[in-house]
1. Please specify each residue of segment 229-263 satisfying the condition of being open to solvent by less than 60 Å² (accessible area, probe 1.4 Å) and of a type in the set (G, A, S).
2. When the residues of segment 277-313 are filtered to those that are without any contact (Cβ under 8 Å) to a residue 24 or more places away in the chain and in a loop (DSSP other than H, G, I, E, B), which remaining residue is surrounded by the fewest Cβ atoms within 10 Å (Cβ to Cβ)?
3. Can you pull out every residue in segment 81-100 that is open to solvent by less than 20 Å² (accessible area, probe 1.4 Å) and either modelled with pLDDT under 95 or not small (G, A, S) (or both)?
4. Restricting the search to segment 34-52, which residues are in contact (Cβ under 8 Å) with a residue 24 or more places away in the chain and either outside any loop (DSSP other than H, G, I, E, B) or among the aliphatic types (A, V, I, L, M) (or both)?
5. Please find, within segment 201-219, the residue that is nearest to the ligand (Cβ to nearest atom) out of those that are assigned to a loop (DSSP other than H, G, I, E, B) and open to solvent by 50 Å² or more (accessible area, probe 1.4 Å).
6. Being open to solvent by 40 Å² or more (accessible area, probe 1.4 Å) and within 16 Å of the ligand (Cβ to nearest atom) is the filter here; which residues of segment 23-60 pass it?
7. Could you list all residues from segment 159-200 that are among the hydrophobic types (A, V, I, L, M, F, W, C), within 14 Å of the ligand (Cβ to nearest atom) and in the same structural domain as Q113 (by TED's automatic domain parsing)?
Amino acid sequence: MKKTMITGTGRYLPPRIVTNNDLTKWMDTSSEWIQKRTGIEQRHWVEEEGGTGPADLGLEASLIAMKRAGWTAGDIDLIIFATLSPDVNFPGSGCLLQYKLGLESTPALDIRQQCTGFLYGLSTADAFIRSGLYNKILLVGAEVHSTGLDITTRGRDVTVIFGDGAAAVCIEGIESDEQVGVLASSLHAQGEFAKSLWLEAPASMLNPRISEKILDEGRHYPEMDGKLIFKMALKKLPEVTIEVLEKAGLNLDDIDLFIPHQANMRINQFYQKTMNIPKGKVFHNIQRYGNTTAATIPLAMDEALEMKLIGKGSTLLFLGLGAGVTWGAVIYRFAG
Ligand code: UT7
């Protein structure tokens with residue numbers, strides 16, 4: 001039977017590093033506040049002059065992942081691109097990446113599930129592979145947040161969290177009798193809380209979609225009810241963990257590494273304590289990158305592989321919660 005296997009990973013961060021102290025030049029905040037409340041010490045942002053989008057960052061990450069998987073662009077059957085900060089409103093960043101890869105007709109699909117974009121993307125890739133429709137899928141999570149943030153005190157609660165970056169995985173259907181690959185997925189959404197973390201304008205439900213008034217009111221910047229999202233994460237992440245473990249027929253102890261979305265280190269520390277998981281089994285890299293939304297989970301996996309925290313035979317549990325509100329978890333096992 002075909003199993004959905006990850007055969008290559010890659011990450012790319014733009015070279016410009018913005019420290020917490022750098023942010024204090026533009027807004028009333030402090031490195032202590034940011035570090036204490038979020039765990040973040042620095043993030044990468046694209047150059048201020050613009051001209052770099054998620055498809056550019058995604059291309060760099062994809063080239064690394066493809067090299068490691070032994071793929072050329074022509075091998076790709078489908079591109080899935082997860083982002084909440086698309087290069088342009090339309091077409092999707094997947095189409096832009098497809099062209100940058102030199103491809104002419106390979107299908108490209110954008111996933112707009114924000115912090116759970118990688119989880120939705122991996123589950124979608126798994127379904128396509130198991131259906132037999134596609135066999136080699138490039139899944140990319142990439143964001144350029146920095147060009148769309150309110151870099152003043154008004155936006156400080158949101159702005160200090162976000163970083164730019166990309167990560168990519170090559171996913172292949174491989175025949176195996178072993179219990180490997182994507183073992184189980186659980187995905188959820190609760191649109192009731194859509195406005196708790198959203199970016200409203202430009203919006204087709206507004207006429208005009210953008211105006212001086214909207215700009216003055218800052219409705220073109222992301223807005224978040226941080227406390228609500230925080231509390232939902234503390235409740236939903238343990239719940240979805242139990243759910244996905246049951247689906248896979250596994251126990252907490254069977255997981256070698258938990259790779260959560262990196263939104264706030266405190267959320268992941270609460271999760272580790274609530275679930276009674278040994279500290280070293282929950283991966284953190286938010287200190288260095290901030291919240292890169294759709295990129296956080298594959299970026300963390302790529303680093304964990306490099307750090308040799310995981311490898312042949314390792315079982316991973318990916319999980320996250322964010323805008324939508326959406327949340328989910330996927331269990332993945334590397335071949336032994
Ligand atoms: O990936 C997307 C999913 N997002 C999340 O999971 C985010 C979840 N939420 C959070 O991570 C936290 O809610 C935040 C880090 C965003 C905010 O932390 P908080 O502990 O909830 O702070 P708060 O918004 O309740 O604000 C507490 C105080 C306020 O001041 P007063 O009213 O107590 O005087 C804020 O004005 O901290 C102030 N504040 C700041 N101070 C310095 C808010 N942002 C900042 C800042 N620097 N950047």
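1. Of everything in segment 229-263, those that are open to solvent by less than 60 Å² (accessible area, probe 1.4 Å) and of a type in the set (G, A, S) turn out to be A233, A248, A263.
2. Residues of segment 277-313 that are without any contact (Cβ under 8 Å) to a residue 24 or more places away in the chain, as a first pass: 278-280, 285, 306-308, 311, 313.
Filter once more, keeping what is in a loop (DSSP other than H, G, I, E, B): 278, 285, 307-308, 311, 313.
On the way: P278: 9, N285: 19, M307: 10, K308: 7, G311: 11, G313: 12.
The extreme case among them is K308.
3. Listed by number, the residues that qualify are F81, T83, L97.
4. I34, R37, T38, I40, Q42, R43, H44, V46
5. In this case the residue turns out to be R219.
6. Residues satisfying the conditions are T24, K25, W26, D28, E32, W33, Q35, K36, R37, E41, Q42.
7. V160, I161, F162
Let's see how each residue does on (1) farther than 22 Å from L237 by Cβ; (2) open to solvent by less than 40 Å² (accessible area, probe 1.4 Å); (3) assigned to a loop (DSSP other than H, G, I, E, B); (4) within 12 Å of the ligand (Cβ to nearest atom):
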residue: S105; (1), (2), (3), (4): yes, no, yes, no
residue: D110; (1), (2), (3), (4): yes, no, no, no
residue: C115; (1), (2), (3), (4): no, yes, no, yes
residue: G121; (1), (2), (3), (4): no, yes, no, no
residue: I129; (1), (2), (3), (4): yes, yes, no, no
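The values are calculated or read from the model by the stated rules, or taken from the named source; none is laboratory data. Nothing here was measured: the structure is a model prediction, and the numbers come from that model. Ideal geometry is used to build each Cβ from the backbone, glycine not excepted, and the neighbour counts take in all protein chains shown. The area values use the complete protein model at the heavy-atom level, side chains included, leaving out ligands, DNA and RNA. Shrake-Rupley method; radii C 1.70, N 1.55, O 1.52, S 1.80 Å.
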